[in-house]
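Take a look at the structure below.
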Protein chains: 4
Amino acid sequence: MTDYGTTFAAWRAAAGDHWPAYTHHAFVEGLCDGILPRKAFLDYLVQDYLFLIHFSRAWALAVTKADTVDEMRLAAGTVNALINDEIALHIRTCAAAGLSESDLFEAQEKPQNIAYTRYVLDAGHAGDFLDLLAALAPCVMGYGEIGVRLASQKTSDTYADWIATYAGADYQQLCHDVGGLIDAAVARRLGDAPAASPRWSHLCHRFRTATRLEVGFWDMGLEG
Amino acid sequence: MTDYGTTFAAWRAAAGDHWPAYTHHAFVEGLCDGILPRKAFLDYLVQDYLFLIHFSRAWALAVTKADTVDEMRLAAGTVNALINDEIALHIRTCAAAGLSESDLFEAQEKPQNIAYTRYVLDAGHAGDFLDLLAALAPCVMGYGEIGVRLASQKTSDTYADWIATYAGADYQQLCHDVGGLIDAAVARRLGDAPAASPRWSHLCHRFRTATRLEVGFWDMGLEG
Amino acid sequence: MTDYGTTFAAWRAAAGDHWPAYTHHAFVEGLCDGILPRKAFLDYLVQDYLFLIHFSRAWALAVTKADTVDEMRLAAGTVNALINDEIALHIRTCAAAGLSESDLFEAQEKPQNIAYTRYVLDAGHAGDFLDLLAALAPCVMGYGEIGVRLASQKTSDTYADWIATYAGADYQQLCHDVGGLIDAAVARRLGDAPAASPRWSHLCHRFRTATRLEVGFWDMGLEG
Amino acid sequence: MTDYGTTFAAWRAAAGDHWPAYTHHAFVEGLCDGILPRKAFLDYLVQDYLFLIHFSRAWALAVTKADTVDEMRLAAGTVNALINDEIALHIRTCAAAGLSESDLFEAQEKPQNIAYTRYVLDAGHAGDFLDLLAALAPCVMGYGEIGVRLASQKTSDTYADWIATYAGADYQQLCHDVGGLIDAAVARRLGDAPAASPRWSHLCHRFRTATRLEVGFWDMGLEG
């Protein structure tokens, strides 16, 4: 299993069956063996483009809620990686299918997409930096885990470009950096025994809810 | 048709078919003729309790984004009406069915519920007072319209208590007050010809998206 | 000394000399013995009216950041008390001096006023419910302490109306309620030994900074 | 006079005497002729380091409030320029004077500094993207104007490094980019005749208040 820090490992364990329901979802398996219909993939990419817009907003919100310059710098760097790099895969792939960036931007957000992104943003507004990180983590790290697994298990090259993006060194480094950021942010606010803090179960709940909403995002992808 | 101000009427028209899809939804018709299963109604009430918590938060956010003391006072009064009055119907009805308020508070929010409430909150954080009002309006006024219609058309008293809450003088006054607040807020920020402002189509889009998410909320109610 | 809960007592102690610099400021002593010039008092009331607007916004922000319905209700009730009750003293006193409420609303905010109110609001946006409460507390409780002391020590009735407002049962009840809210909110988030949490020193810092800014607010009052 | 777009020119004109009070402040003239005491300059740099932290947070908030991907990218790029580039001048100059970055971070924020930064952040939370830009603009563009003027008028090289930072091509490009961002954002939201919008006077008021708070920031610098 991928190692993105001790906090992530604990939150993932606390998410129970929701975690494999997300990372081994039928949509993901369809990327692995290439049987996912192209149309479903393109529909997903369009929604994921809109997702990245709001996910970038959530990381920008993290900059406003950081306590240290290091926290600010990593969050600011992540905004930049999302809005300029990760999103390029979506723009490039959709362009090849005849969709311009403005087509993407004007597409109608589906409810499952709205549910996840706005939940993350509200976690930040309602709580502190940790609440926001707990809601951001399932997406960042889940895609990292999926990328690594599919790179070694894939039986088709149909979605090799997508898999390579998340299995690649840049994205894996981001997962490690974010894992380190979370561990340090937890230590700074909850001390050496964070699971003993009354906030711990709330943070696990944030992570689990965000994971449930990721499952809904894949479901949406299959509904087309 | 109920008259809750000129802005509401214009936004409702701009929502097109989404508006009747919401206000004449099968769930609503089931309240009208009493055929909605009790279990579906109770499941809805539990979700609607959680909805009211976050809807109150959204009205409190409006207090922080108001430009005048009048705007602040009306928004603050609405928070109070929601969290102390409207919610009492839910607590009372659920208590009769054996559910305590802490059962309600601990219930798991469904994705359609998260989608709507967090969309409204984010509309406020992303934009200004008008963006927030445009996202709040479909719920406030839609329930007012439904209440008035069902009070005159109902063929069963099974859900008479629910209907009376929204058809009642207090709730109808709230709808008129909010309608007046919106008209004044629009005039203050967009002037005498608001539909000519570049922001108008964005506000219509906010209202329409929130209406779509209301349809999803009723769908959730039928799914049980 | 007034007793508004154990957390308040600890934060007040941690504020050191800043606390008496605020609660025994020359402006306060001028209210006690009546030597404060009327003009300085009226200038202060005008700024304090604007202060209450933004302080109400900060309590409304607290509603959006609460974790329980009890926390929401108390914060919502405080918004209401501020915007409808406490502010009435200002409107009434200024009206007697020939200033309308719109004169008050249009007055120019002084930098010391901006510094305090916006610091409190940002404490809420940057952090969680506790960060916001730590920044709100010095104003609520400091005025409570000053009111009680001046009611027993005053040697002039010139400012008896102001003193009676803050020494009165309603305001003292608010201080006790807010003190209870803070104690419960701290227990819920930091557990039984909150001073052992890494967050404790940050919360003390929030309280102390807000207290420093209260001193600046009185300084502004004397500058006229 | 520097040309950073038509909106900036209009807002600057509407700020009246506050604008030259800021851009020709005695502190600025002391940088120009080198008579500003070194200690005052270092004290200013320490406060300005803290200022840049919160100013970066405000630009990150702008990312969360943007309506288009272009707006997001420019705001995200500015966060990066501030937190990684402009701040480097402060760290380097202070390091030469024996102050580490953690000394800077731990320094006590002065009230005038708090007033300005938190006012900007609250402008964003209370209003929309334009409200935030109107509060951000005086700092960005004012320093650009000061840099250009001092580069051509300076009679001493004592503060040549500071002057070169703001007169330099990178910073001037930032001013032009932000000016273009503001013009486009105004056109997108207020149309072709923005000064006819009811919001115009409010935006001018935001800009003017932020300019007044810049004057206070220089005053603070002279007080040492």
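What to note about this one:
- Among the residues listed as B:Gly124, B:Gly180, B:Gly191, the single one being in contact with a Pro (Cβ under 6 Å, 6 or more places away or on another chain) and within 23 Å of D:Pro198 (Cα to Cα): B:Gly191
- Among helices (runs of 4 or more DSSP H) entirely within the stretch A:129-197, having at least 1 residues that are modelled with pLDDT under 95 singles out A:160-167, A:169-190.
- Comparison of D:Thr2, D:Thr78, D:Thr23 shows that the only residue that is of a type in the set (S, T, N, Q), at pLDDT 95 or above, at negative phi and under 16 Å from the mean Cα position of the chain (by Cα) is D:Thr23.
- Taking the criterion of being in contact with a helix residue (DSSP H, G or I) (Cβ under 6 Å, 6 or more places away or on another chain) and open to solvent by 10 Å² or more (accessible area, probe 1.4 Å), the residues of the stretch C:8-31 that qualify are C:Arg12, C:Ala14, C:His18, C:Trp19, C:Ala21, C:His25.
- Of everything in the stretch C:97-150 that is within 14 Å of the chain's Cα centre (by Cα) and among the charged types (D, E, K, R), the residue that is farthest from D:Leu213 (Cα to Cα) is C:Glu145.
- Hits in the stretch A:67-76 - residues which are within 7 Å of another protein chain (Cβ to nearest Cβ) and surrounded by fewer than 24 Cβ atoms within 10 Å (Cβ to Cβ): A:Val69, A:Met72, A:Arg73
- Tally, over the stretch C:118-128, of residues that are in a loop (DSSP other than H, G, I, E, B) and among the charged types (D, E, K, R): 1
- Hits in the stretch D:143-173 - residues which are of a type in the set (Lys, Arg) and open to solvent by 50 Å² or more (accessible area, probe 1.4 Å): D:Lys154
- Hey, C:Thr64 under 30 Å from A:Pro198 (Cβ atoms), within 14 Å of another protein chain (Cβ to nearest Cβ), surrounded by fewer than 20 Cβ atoms within 10 Å (Cβ to Cβ) and over 14 Å from the mean Cα position of the chain (by Cα) or not: no
- Pairs with Cβ under 6 Å, 6+ apart, first in the stretch B:132-157 and free of Cβ contacts under 8 Å to residues at least 24 places away in the same chain, second in a helix (DSSP H, G or I) and open to solvent by less than 40 Å² (accessible area, probe 1.4 Å): B:Ala151/B:Ile163; B:Ala151/B:Ala167
- Residue count for the stretch A:122-160 under the criterion of being within 14 Å of chain B (Cβ to nearest Cβ) and either of a type in the set (Val, Ile, Thr) or in contact with a strand residue (DSSP E or B) (Cβ under 6 Å, 6 or more places away or on another chain) (or both): the result is 0.
- D:Asp219 within 10 Å of another protein chain (Cβ to nearest Cβ), acidic (Asp, Glu) and buried (at least 22 other Cβ atoms within 10 Å of the Cβ): no
- Apart from one condition, D:His202 fits all of (1) assigned to a helix (DSSP H, G or I); (2) at pLDDT 95 or above; (3) open to solvent by 50 Å² or more (accessible area, probe 1.4 Å); (4) over 20 Å from D:His125 (Cα atoms); the exception is (4).
Residue-by-condition table, conditions (1) among the acidic types (Asp, Glu); (2) open to solvent by less than 20 Å² (accessible area, probe 1.4 Å):
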{"site": "B:Asp183", "(1), (2)": "yes, no"}
{"site": "B:Ala193", "(1), (2)": "no, no"}
{"site": "B:Pro198", "(1), (2)": "no, no"}
{"site": "B:Arg206", "(1), (2)": "no, no"}
{"site": "B:Thr211", "(1), (2)": "no, yes"}
{"site": "B:Glu214", "(1), (2)": "yes, yes"}
{"site": "B:Glu223", "(1), (2)": "yes, no"}
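- Qualifying residue in the stretch A:102-121 (condition: within 14 Å of chain B (Cβ to nearest Cβ), of a type in the set (S, T, N, Q) and either open to solvent by less than 10 Å² (accessible area, probe 1.4 Å) or within 22 Å of D:His125 (Cα to Cα) (or both)): yes
- Residue in the stretch A:85-101 that is within 17 Å of A:Thr117 (Cα to Cα) and either at pLDDT below 90 or at the interface with chain D (Cβ under 8 Å from one of its Cβ atoms) (or both) present: yes
- C:Arg189 vs. criteria under 17 Å from A:Gly191 (Cα atoms) and among the charged types (D, E, K, R): yes
- Listed by first and then second residue, the pairs linking a residue in the stretch B:37-54 that is within 13 Å of chain C (Cβ to nearest Cβ) and in contact (Cβ under 8 Å) with a residue 40 or more places away in the chain to a residue that is basic (Lys, Arg) and crowded, with 19+ Cβ neighbours inside 10 Å, with Cβ atoms under 8 Å apart and 6 or more places separating them unless they lie on different chains, are B:His54/B:Arg118.
The values are calculated or read from the model by the stated rules, or taken from the named source; none is laboratory data. What you are looking at is a predicted structure, and each value in this text was computed from that prediction instead of being measured. Quick reminder, even Gly has a Cβ in these numbers, built from the backbone with ideal geometry, and neighbours come from all protein chains shown. Protein only, heavy atoms only, side chains kept; ligands, DNA and RNA dropped before computing areas. Shrake-Rupley method; radii C 1.70, N 1.55, O 1.52, S 1.80 Å.
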